[in-house]
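Written out below as structure tokens is the structure these notes cover.
Only the coordinates and a few stated rules stand behind these numbers; no lab work does. As the structure is a computational prediction, the values presented were derived from the model and not from experiment. Cβ placement follows ideal geometry from the backbone for every residue including glycine, while neighbour counts extend to all protein chains displayed.
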Amino acid sequence: MWYRNNNNFFSTLFFVLVLLGSSSAFAQNNTSSPYSYYGLGEISQPVNGKAAALGGTNLAFRGGSNLNINNPASLTSLDSMKFVFNVGLTSKTSIMNQKGKSDTFHDNNFSELSFGFRISPSVATAIGLVPFTNVGYEIATKEKVAGGTNEFYQRSLSGTGGLNKFVWSTGVRVLKDLSLGINGIFLFGNNTTNENLTLERSTYVYSSQQQLISQGVYANFGLQYQHQIHKDWELTLGANFQPKQSVSSKRKLYVTNYQSSLGDTVYKNTLDRGTFDVPMTYGFGVGMTKNKQLWLGADYSHEQWSDTRIFTDSNSLVDRNRYSFGMNYIANDGYATKFLKKLTYRFGAFYDTGYISVENDRIQTRGLSFGIGIPMAKQKGMINLAFEFGQTGTTTNDNIREDYGKITLELSLFERWFIKRKYQ
């Protein structure tokens, strides 16, 4: 006779719901990238701890404990005996280089909170909370006042905040080898921008604060197809698609003009309601699995940012393309006794054209990654550790090049839903 272990299940579910309810932790997204000034901020790649070590490659990746919201069709591979819970965080160290000078920054963020399980033999679901964009920059410049004068003013810009996604994913196996999936996404967050201008030879000050407050719902879709092409090899094809959709937003603007010599202070406080666009997105992936131990995969994705608007304003954003490759090797063949042979080894590489162009220079990112999966005792879960080293931007035209290293730590816990009762 089979039965569900209710005590452990409900305690785990309660813990998960408490964590998912703590969305304020995600509201404190951190980044030090000056390029988060542009568009909606620095885009977060939607990957779990496994894919972080695979260069972000995941459209054709499947696994019994793999919660992959980037392609919800992959959820049909979840182990029917497992309730999976993931919590992840990242730590990033960046060196910003410009004009022969450099500064070092450290940022820490949550990367995911998610759980998922199989509903029936052909249907599985997952719920997750992940960052979408991060904003965090401080820029100071000295500029000459227009009109032929010799007067200068100090200008400082700063930004904080970010956008987050609450995602409900469902995967359905419609044929033996074909699975389809859908993500229902609630996007929320607050991007805040501050600007201050100060004239050098007077006390005149101009300051403004703009907030983009967003709350909206949209959807995207996924597909996976598997086929045994040889007794040792299985082919998996993956794809995802997201149409361009508008998200409801409010834009608050608060402006102060102050000039002490005249004793004048002018305030302006406005509120606009509108929308901003999330871009049309599509991607394709291919994966090859040998004997359920070795997986090789590659992804391509395209985001059409040039066709989006923030409220009624057109933007200077460009279309983003991303290419990645990954390898996943499960060393344990079922009989391993040594620790190193119980691990899963992962490697990856990627090239991202970005969605920003500054002074006609594309702000591109390229990087390498590797990681390991460490099984927990009694098959209670896995610790996924990923390391990524990369470079963003260029120093040409006085731009900034970011050299970075990032560590992703994911704790993946498994709860057995059914156990077999023993009779004496």
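Summary of values
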read-out: The range 366-381 - phi-based ³J(HN,Hα) in whole Hz, Karplus 6.51/-1.76/1.60, Gly and Pro as x; value: 9, x, 10, 9, 7, x, 9, x, 10, x, 8, 4, 6, 6, 7, x
read-out: Label-point separation in nm, residue 194 to residue 177, each point 7 Å along Cα→Cβ; value: 5.9
read-out: Highest average packing first - 83-93, 206-216, Cβ atoms within 10 Å; value: 83-93, 206-216
read-out: Flagged links, alpha-carbon separation over 29 Å, of 165/378; 142/244; 231/380; 165/250; 290/342; value: 165/378; 142/244; 231/380
read-out: For Kirkwood radius over Cα pairs in Å, calculated from these coordinates, the label among (i) 22.5; (ii) 23.4; (iii) 21.9; value: (ii)
read-out: Note, ³J(HN,Hα) from phi for the range 132-142, Karplus 6.51, -1.76, 1.60, rounded to Hz, x at Gly and Pro; value: 9, 9, 10, 10, x, 8, 9, 10, 10, 9, 10
read-out: Approximate spin-label separation residue 232-residue 403, in nm, with each point projected 7 Å along Cα-to-Cβ; value: 4.1
read-out: Label-point separation in nm, residue 142 to residue 108, each point 7 Å along Cα→Cβ; value: 3.7
read-out: Relative contact order for the chain, counting Cα pairs under 8 Å that sit 6 or more residues apart, in percent; value: 18
read-out: Karplus (6.51, -1.76, 1.60) ³J(HN,Hα), θ = phi - 60°, over the range 114-120, in Hz, Gly and Pro reported as x; value: 7, 8, x, 6, 8, 8, 8
read-out: Mean separation of Cα contacts under 8 Å, 6 or more apart, over the residue count of the range 180-233: relative contact order %; value: 46
read-out: Structure-based [θ]222 nm, the chain - -39500 (n - 2.57) summed over DSSP H runs of at least 4, per residue, nearest 500; value: -1500 deg cm²/dmol
read-out: Sorted peptide list for 137-143, 177-183, criterion being average Cβ within 10 angstrom, highest first; value: 177-183, 137-143
read-out: Sequence-distant residues sharing a close amide H with residue 32 (under 5 Å, placed H); value: none
read-out: Additional length obtainable on full extension of the chain from residue 244 to residue 207, 0.36 nm per residue less Cα span; value: 9.9 nm
read-out: Extension reserve of the residue 347-residue 122 stretch, reckoned as 0.36 nm per residue once the Cα distance is removed; value: 77.9 nm
read-out: Placed amide H near residue 354: partners under 5 Å, 5+ positions off or other chain; value: 321, 365
read-out: Magnitude of the charge dipole, the chain, Cβ model with Lys/Arg +1 and Asp/Glu -1, debye to 20; value: 1960
read-out: Added length on full extension, which subtracts the Cα-Cα distance from 0.36 nm per residue, residue 335 to residue 379; value: 14.4 nm
